[in-house]
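One structure is given below, encoded as structure tokens.
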Amino acid sequence: MVDAEKRQHCKALEELWRRLGKVSEFSFTASNGPGSRTNWRGHGRGTLQLQQPEGRERQLLFDERAHFTDSEGHTFDLQNRYRWTLLAETLRLEHLRREEPVLLFELQPVTDHGFREVRPHLCGADTYTAELLLRKNEIELIWQIHGPRKNERLHYHYW
């Protein structure tokens with residue numbers, strides 16, 4: 001990587017990190033495409049409690065709580081815990097399931113405001129990919145999940 005490009009990528013990572021540290025609300029839409037055999041469709045909105053573990057200035061915890069309404073009108077309470085870690089050239093996203101980290105993605109800058117996974121996350125026969133976009137007033141995180149039974153898209157908005 002050329003020095004100027006590396007500086008731009010570092011600047012993009014620092015801007016993303018600064019903005020993640022201010023997030024307090026989010027929404028997401030779950031949809032599925034042709035061939036999907038799941039019923040994971042609907043919209044959720046919620047708040048998150050942001051934590052920075054003591055002595056770990058390069059980590060943020062997102063404790064998310066949301067109300068999700070599926071495509072049939074049923075409402076559910078959802079909660080998730082994610083850990084973001086700022087690394088030298090990437091940003092790592094892990095799902096803390098029962099406090100055990102599951103690496104989802106390491107995101108790397110591809111433009112000043114756009115990030116993409118370094119490599120897809122494999123979970124059984126399913127492949128997860130992601131892109132993250134820094135918008136003026138929000139952060140968008142878009143996941144795609146493809147597998148024998150899945151063709152899903154999760155579109156998050158953080159602000």
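With only alpha-carbon atoms in the gyration tensor, what are the semi-axes of the equivalent ellipsoid for the chain, in Å, largest first?
Equivalent ellipsoid semi-axes, largest first: 26, 19, 15 Å.
Label separation (Trp40 vs Gln108): 2.6 nm, computed from points 7 Å beyond Cα along the C-beta direction.
Mean sequence separation of contacting Cα pairs (under 8 Å, at least six apart), scaled by the length of the chain, corresponds to a relative contact order of 22 percent.
Computing FRET efficiency as 1/(1 + (r/R0)^6) for Thr29 and Cys123, where r is the C-beta to C-beta distance and R0 is 25 Å, gives about 0.75.
Can you give me the angle between helix 3-20 and the longest principal axis of the chain, using Cα atoms only, in degrees from 0 to 90, rounded to the nearest 10? The angle comes out near 50 degrees.
Every read-out reported here was derived from the displayed coordinates using simple, explicitly stated rules and does not represent laboratory data. Quick caveat: nothing in here was measured; it's all calculated off a predicted structure. Glycine gets a Cβ as well: all are built from the backbone with ideal geometry, and neighbour counts include every protein chain shown.
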